[in-house]
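> Before I ask anything, let me first share the structure, which is written out below as structure tokens.
The values are calculated or read from the model by the stated rules, or taken from the named source; none is laboratory data. Because the structure is predicted, anything quoted here is derived from the model rather than measured. Using ideal geometry, Cβ is built from the backbone for each residue, glycine included, and neighbour counts are taken over all protein chains shown.
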Amino acid sequence: MKPSRRKARGTSTVFDDVYRTMVQKMPMLMIPLINEVFHTDYPEDIAKAQLRNEHLEIQKKLITDSILKISGRTYHIECQSTPDGQMALRMFEYGAAIALDETRQLSSATDGVEHIRFPYASVLYLRSTEQTPSALTAIVDFPDGQQVRYRVPLVKVQSFPLDEIMEKRLFLFLPFYLLRYEKDFPLIESDDERLAQLLAEYKTIAHQLNLALTEDDHATLYGDLVKLITRISDYLLQSYRRTRKGVDDTMGGKILELYSEKLLRRGKAEGRAEGKAEGKAEGRSEGVLETLRSLVKKGLLTIPAAAKELGVSEEDFKKMAAL
């Protein structure tokens, strides 16, 4: 997600960071997006390989956002937070670098003929307007008269309503959901009714996301996504204290607290089962300790709260949890 080849000094990379965190640490979130864009029907748990995202050329290095290989196909998806008039050229450049890299690795040319296969490519636009096109196009003219049209579909995040995002499991969009209200922040901050409407949407997000992921045994993913959602909202709402607090309380406060309690209950249950199976009372404590350690490391629970839950001092908890 790069407005230019080099970030201007002082420019935040929060959108890049959040997107790449999801791509690298939560790759299952990419599958519904790929299905939506390329009309595939991959299950979310399909085997996938993340390819290196640096492609070296003779005089420069190209950094791409995400490259996945699934069922023999290579998918390249860039994330763009601001308009870029050079994006079609950049995508062609990235595609050529990826295609040449793979061709060199798998080259089996006969009679001097090489097959160069471009990846399936798309660009995720976090901000868009009515004038934003549905695709990027570059036309390549060859000296012998051949003309090839290179087309890359655009995905405009703001064009997806919340119910469609949840129905299609496009949870990758949720950290960026607040961007659709960016121009309305001053009004939302000063208008109780508008603020209440926004917070109602975020309560819906928290509730539906919690149901969708915990029922699929992806409870940890729910907590990780909530942290990314609040990270973006904290960044966007720096100047809007009331709105920021409301979103934080809705997504990162009470809802996240319920999530951590759910994991803690699961840890206790697993500990009891382990202790019963082994005939040891220590099983419960070990199960609870492991869960508390995980919650603290993820930033979902404070050390004082974890120590209190275990009934030990903060210093003892740090030693026991190796923190």
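> Quick one: count up the residues across the range 173-195 that are assigned to a helix (DSSP H, G or I) and over 18 Å from D234 (Cα atoms).
Counting residues in the range 173-195 that are assigned to a helix (DSSP H, G or I) and over 18 Å from D234 (Cα atoms) gives 3.
> Now for a different question. Hey, could you check the range 121-167 for residues that are of a type in the set (S, T, N, Q) and in contact with an Asp or Glu (Cβ under 9 Å, 6 or more places away or on another chain) and say which is surrounded by the fewest Cβ atoms within 10 Å (Cβ to Cβ)?
So, considering only residues that are of a type in the set (S, T, N, Q) and in contact with an Asp or Glu (Cβ under 9 Å, 6 or more places away or on another chain), the one surrounded by the fewest Cβ atoms within 10 Å (Cβ to Cβ) is Q147.
> L237 - would you say it is over 28 Å from P133 (Cα atoms), buried (at least 20 other Cβ atoms within 10 Å of the Cβ) and modelled with pLDDT of 95 or more?
yes
> Against the definition (assigned to a helix (DSSP H, G or I), among the small types (G, A, S) and touching a Lys or Arg at 6+ places or on another chain (Cβ under 8 Å)), how does A99 come out, yes or no?
Yes; evaluated as a whole, the condition is true for this residue.
> Filter the range 105-157 down to the residues that are at positive phi and modelled with pLDDT of 90 or more and list them by number.
G145
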